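Report on the following structure.
Computed from the coordinates by the stated procedures, all read-outs in this text should not be read as laboratory data. Bear in mind the structure is a predicted one, so any value in this text is a computation, not a measurement. Quick reminder, even Gly has a Cβ in these numbers, built from the backbone with ideal geometry, and neighbours come from all protein chains shown.
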Amino acid sequence: MLVGLDFETDSIMPRPDYPPEPKGCAILRDDNVDAGFYYAWGHPSGNNCDKDVAYREIAEYFEDPEIELVMHNAAFDCAVAYKHLQVQIPWGRIHDTMLYAFIDHPFGELSLKPLSDLALGMPPEEQEELRQWLISHGVVRSGDKNWGAHICKAPGNIVAPYAIGDVMRTLKLLYFYAQGGSTVGTVHTGSTDTDTSEFFGGRV
């Protein structure tokens, strides 16, 4: 089984304060891609779970040998999990779509939102909705280019669509590259809906 995973954290600071503490985590299983879930425990409001319960349940995804985890910039999410959830990282079961994007086009787009818009035709609609919430509630100013550092200051239920949208993009990007898709000189050359078991040697 493939599971998309993405932590939402405090602002990213240099070591020794890196990696930052997670405040929530989005999960999306490939056997039910329309039912992502966002564990929210550290937001000012709108949370839906206890931190200890969330840590335990998220850790199970890392520990289950039947699960392959899909992340965009896996080094970051795995660092967060290793430090704060205290799990061992199963590198043999980790897929990083940012690395796939680099292999496909080393000088191309690597950031999740613009890459997904380019490769999948998925504009960052949830991102803009969240940004507007932060602006309208005085958390950031309209011209603040670093507004993303303040995401976790929004309620968990407001962040949830944004976070789930990210793991949906991540899984779809994996399918895109698995089917031979490329962003070099063309857009959306691979299907995002077909079976990937052959690509992963039957392990899916």
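Note on His43, His150: ascending count of other Cβ atoms within 10 Å places them as His150, His43, the fewest first. Of Asn48, Asn157, Asn146, the residue with the greatest mean-square motion in the GNM of the chain, using alpha carbon springs below 10 Å, is Asn146. Separation of region 121-159 from region 33-57 is 19 Å, based on Cα centroids. By the combined test of axial Cα extent (at least 24 Å) and Kyte-Doolittle hydropathy (mean at least -1.0), the qualifying DSSP H helices of the chain come to 156-178.
Oblate is the label for the chain. Its Cα gyration tensor axes, ordered a ≥ b ≥ c, give a/c of at least 1.5 and b/c at or above a/b. Among the chymotrypsin sites (Phe, Trp or Tyr not before Pro) in region 95-124, those located in a DSSP loop and surrounded by at most 15 other Cβ atoms within 10 Å of their own Cβ are Phe107. List the residues of region 52-76 whose backbone N lies under 14 Å from a point placed 7 Å from the Cα of Tyr18 along the Cα-to-Cβ direction. So the set is 74-76.
Among rounded, prolate and oblate, which fits region 31-110 when a ≥ b ≥ c are the square roots of the eigenvalues of its C-alpha gyration tensor, a/c under 1.5 means rounded, and a/b larger than b/c means prolate? It would help to have the intermediate numbers written out before the result.
Numbers: a/c = 1.86, a/b = 1.58, b/c = 1.18.
It is prolate, given that a/c is not under 1.5 and a/b is the larger ratio.
Here the gap between Asp52 and Asn157, fully extended at 0.36 nm per residue and compared with their Cα-Cα distance, gives a gain of 35.9 nm.
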